[in-house]
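For reference, the structure discussed in these notes is given below.
The values are calculated or read from the model by the stated rules, or taken from the named source; none is laboratory data. As the structure is a computational prediction, the values presented were derived from the model and not from experiment. Cβ: placed from backbone, ideal geometry, glycine included. Neighbour counts: every protein chain shown. Accessible surface areas use protein heavy atoms only, side chains included; no ligands, DNA or RNA. Shrake-Rupley method; radii C 1.70, N 1.55, O 1.52, S 1.80 Å.
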Amino acid sequence: MNTTVEKKPRLTTSAMIASIAQEGQRTKPAPFGHALAKLAENRPEIVGMTADLAKYTDLHIFAKAFPDRFFQMGIAEQTLMAAAGGMAKEGFTPFATTYAVFASRRAYDFIHQVIAEESLNVKIACGLPGLTTGYGPSHQATEDIAIMRGIPGLTIIDPCDALDVEQAVTAVVAHKGPVYMRLLRGNVPLVLDEYDYRFELGKAKLLRDGHDVLIISSGIMTMRALEVAKQMSDGSADIAVLHVPTIKPLDEATIIREANRSGRLVVVAENHSTVGGLGEAVAATLLRAGVAPEFRQIALPDAFLAAGALPTLHDRYGISTASMVSAIRHWI
Amino acid sequence: MKTPSQSPGKQDNVLSALSRHATNIRRHALRMGEVQGQGYIAQALGIADVLAVAYCHALNLRPEDPEWEGRDRFLLSHGHYAIAHYAALIEAGVIPAEELETYGCDDSRLPMSGMATYTPGMEMSGGSLGLGLPIAVGVALGLRQKGNPAFVYNSMSDGELDEGSTWEAALSAAHFGLSNLITIVDINKQQADGPSHQIMGFEPLADKWTAFGWHVRRIDGNDLAAVLSAFDEARNTAEAKPRVILSDTLMGRGVPFLEEREKNHFIRVDASEWQQAIDALDATPAAGACK
Ligand SMILES: Cc1ncc(C[n+]2csc(CCOP(=O)(O)OP(=O)(O)O)c2C)c(N)n1
Ligand SMILES: [Mg+2]
């Protein structure tokens, strides 16, 4: 650990108030909260539940609109999940919110045994996915998808931007069964409205085509992948981007079809550890199908990540746009 | 750094020394807050009196050897109070004061959330609430098993009263008769989404802990004399029970304009206000001094 005290420009550590929007980026406020409150107008069975993180998951928008359908469960994630299961058994559709770390780590058995085993209609929506806070390992959900992928019958969603979040909420309500959804909160970047895109549960979508590289990505990494593709379209590389917002069930057919187009380097980019996330899911899918392209993974290391300023950490761990560009340059 | 052990004639001296330490802890915390321009500063100001008594009176420590086997263990279960804990570790001489300049910066030993892996004197990695008390049960069992007479202190927040793990550990501490375990609950009546009573009602607290088999004392955690006597009682009572100090505190204590600010988990402090806060601190009659 470095103990020297040197003056350098100070980057602040983002804690609970993290916003992933870059300066000047178009954003939309609280897309999850607004979308849910709107849907709930015609769906009296929707209820909101949280573990002292309504403000920090944008569920406070729903709570304000429907105070009688909002349940503050306290900092008790296990009870939150089991009680959401109980509400679902009585016919309600609970949206249970907390941070991704606490749902996946603290409440795992309660999700596995109560919610998933009976396939109850609980929608778990979780803030601070992957590395979206510099607060340290306690808040960095670097392995939530690996944990959740192990649960049979649990749908897993990793949306890219405000539009994706809004449309995913609608799809999740229409879907019967348990869902784990990663949330982006606060002022959330808006990028997918510039593409011919609509969220469909279980579907991967090709956002742009390209001859040299295929990036398969989910969550905020799709935003980065599109940025990388633009930057490298100066003649460095022609990059296709396949967005996979549903991690489970995985759209294997589309992934195999795109990866099978010859001559392209396949890069999976995810805001998650190299262990057990989209990268390994895609690798296994391709191997099982006998498709063997040149394959690379852009993901967080299998390590307890540092605390610090988010831009520093994204650079250090290779998921910033700049570090992605240099990795891909090196590979092609 | 330790004040002389309490005797009736020395009580006033002890209190005025502790009051200076508490003010210093508040000042260190404000200076760290200023480095980042944000932080859990209202919590730090609220718990400073308790930390002054813990670090400058009660704890048996060797500041130059934070891993000394004979030390009392102090667990910070509510990791977001790290700014307060660092301030106390600075006041106790465990961390050099110059280092507060690095608070929350990249590669600092003082990250925003307290972690054992980063900081000398930090006994656990917090950030995830409700871990401290169960760890403390294990440490207390381990100390007893080794015949080590040290105490283990667990500092926790009122929000952690919501977690099941806290009450599982409370049961087990009483079951094992862990008289070497002292828990301090910082009751600041605030959590992330709002006032604690709106988040999850936990009163009557003294009755709950008593029913769980603990030796209980409830105090005004900003009254240094009361804090001092609660710590002494917790260490000296002969009861074969774990001990809990329920400490009601005022967020922002010692800086009037922060005491009055709308209570919030994460208060707003403008760049120009940090120095004002430090100045206000110096002007405020030290807590407990007029008692
Ligand atoms: C297990 C767990 N759940 C949720 C959180 C998110 N969280 C951080 S601080 C906080 C509020 C806690 O209230 P309290 O501990 O009393 O702190 P105060 O607001 O008084 O600083 C919450 C919910 C967490 N850190 N750990
Ligand atoms: Mg509190």
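Summed over the stretch A:283-306, residues that are closer than 24 Å to A:SER138 by Cβ, open to solvent by 10 Å² or more (accessible area, probe 1.4 Å) and either part of a strand (DSSP E or B) or within 14 Å of chain B (Cβ to nearest Cβ) (or both) total 4. None of B:GLY121, B:GLY138, B:GLY114, B:GLY79 is within 14 Å of chain A (Cβ to nearest Cβ), of a type outside the set (Asp, Glu) and open to solvent by 10 Å² or more (accessible area, probe 1.4 Å) except B:GLY121. Of all residues in the stretch A:58-79, those being more than 10 Å from every other protein chain (Cβ to nearest Cβ) and either within 10 Å of ligand 1 (Cβ to nearest atom) or among the aliphatic types (A, V, I, L, M) (or both) number 2. Does B:ARG109 satisfy the condition of being away from chain A (no Cβ under 11 Å) and among the basic types (Lys, Arg)? Against the criterion (away from chain A (no Cβ under 11 Å) and among the basic types (Lys, Arg)), B:ARG109 does not qualify. Entry remark, the stretch B:184-210: residues being in a helix (DSSP H, G or I), closer than 18 Å to B:PRO242 by Cβ and within 10 Å of ligand 1 (Cβ to nearest atom) number 0 in total. Quickly run through the stretch A:67-92 and pick out the residues that are outside any helix (DSSP H, G or I) and out of contact with any helix residue (DSSP H, G or I) (no Cβ under 7 Å at 6 or more places or on another chain). Across the stretch A:67-92, the qualifying residues are A:PHE71, A:GLU90, A:GLY91, A:PHE92. Within the stretch A:23-38, is even one residue more than 14 Å from chain B (Cβ to nearest Cβ), open to solvent by 40 Å² or more (accessible area, probe 1.4 Å) and at positive phi? So far as the stretch A:23-38 goes, yes, one or more of its residues are more than 14 Å from chain B (Cβ to nearest Cβ), open to solvent by 40 Å² or more (accessible area, probe 1.4 Å) and at positive phi. Of all residues in the stretch B:22-46, those being on the phi > 0 side of the Ramachandran plot and away from ligand 1 (no atom under 16 Å from the Cβ) number 1. Look at the stretch A:280-307: where a residue is more than 20 Å from A:GLU252 (Cβ to Cβ) and a partner is surrounded by fewer than 17 Cβ atoms within 10 Å (Cβ to Cβ), sitting 6+ places away or on another chain with Cβ atoms under 6 Å, you get A:ASP302/A:VAL275. Just one residue in the set A:LYS89, A:LYS64, A:LYS28, A:LYS55 is at pLDDT 95 or above and touching a Pro at 6+ places or on another chain (Cβ under 9 Å); that residue is A:LYS28.
Just name the residue that is nearest to B:SER77 (Cα to Cα) out of those in the stretch B:27-39 that are more than 12 Å from chain A (Cβ to nearest Cβ) and open to solvent by 10 Å² or more (accessible area, probe 1.4 Å). My answer is B:HIS28. Just checking, how many residues over the stretch A:30-52 are farther than 15 Å from A:LEU183 by Cβ and within 16 Å of ligand 1 (Cβ to nearest atom)? Qualifying residue count, the stretch A:30-52: 1.
Please count how many residues of the stretch B:189-212 are open to solvent by less than 20 Å² (accessible area, probe 1.4 Å) and either more than 14 Å from chain A (Cβ to nearest Cβ) or at positive phi (or both). Going through the stretch B:189-212 one residue at a time, the tally reaches 3. The residues of the stretch A:104-120 that are in a loop (DSSP other than H, G, I, E, B), open to solvent by less than 30 Å² (accessible area, probe 1.4 Å) and farther than 29 Å from A:PRO301 by Cα amount to a single one, A:LEU120. Taking residues in the stretch A:89-104 that are away from ligand 2 (no atom under 16 Å from the Cβ), and partners anywhere that are among the basic types (Lys, Arg), the pairs with Cβ atoms closer than 9 Å and at least 6 places apart or on different chains are A:PHE92/A:ARG69; A:THR93/A:ARG43; A:THR93/A:LYS123; A:PRO94/A:LYS123; A:PHE95/A:LYS123; A:ALA96/A:LYS123; A:THR98/A:ARG106; A:ALA100/A:ARG182. In the stretch B:90-103, is there at least one residue being facing another protein chain (nearest Cβ under 8 Å) and either buried (at least 20 other Cβ atoms within 10 Å of the Cβ) or over 19 Å from B:GLU34 (Cβ atoms) (or both)? For the stretch B:90-103, residues facing another protein chain (nearest Cβ under 8 Å) and either buried (at least 20 other Cβ atoms within 10 Å of the Cβ) or over 19 Å from B:GLU34 (Cβ atoms) (or both): present. Residues that are assigned to a helix (DSSP H, G or I) and touching a residue at least 12 places away in the same chain (Cβ under 8 Å) do not occur anywhere in the stretch B:60-76.
Against the test of being more than 15 Å from ligand 1 (Cβ to nearest atom) and either within 12 Å of chain B (Cβ to nearest Cβ) or buried (at least 22 other Cβ atoms within 10 Å of the Cβ) (or both), the options A:LYS123, A:LYS55 yield a single qualifying residue, A:LYS123. Taking the criterion of being buried (at least 24 other Cβ atoms within 10 Å of the Cβ) and hydroxyl-bearing (Ser, Thr, Tyr), the residues of the stretch A:82-103 that qualify are A:THR97, A:THR98, A:TYR99. The condition of being open to solvent by less than 10 Å² (accessible area, probe 1.4 Å) and either out of contact with any strand residue (DSSP E or B) (no Cβ under 6 Å at 6 or more places or on another chain) or among the small types (Gly, Ala, Ser) (or both) holds for only one of B:ALA42, B:ALA17, that being B:ALA42.
Scanning the stretch A:128-159 for residues that are assigned to a strand (DSSP E or B) and under 18 Å from A:MET221 (Cβ atoms) yields A:GLY130, A:ALA141, A:ILE156, A:ILE157. Looking across the stretch B:42-65, just one residue is of a type in the set (S, T, N, Q) and away from ligand 2 (no atom under 16 Å from the Cβ), and that is B:ASN60. Within the option set A:LEU183, A:LEU131, A:LEU190, A:LEU214, being at pLDDT 95 or above, open to solvent by 10 Å² or more (accessible area, probe 1.4 Å) and touching a helix residue (DSSP H, G or I) at 6+ places or on another chain (Cβ under 7 Å) holds for one residue only, A:LEU190.
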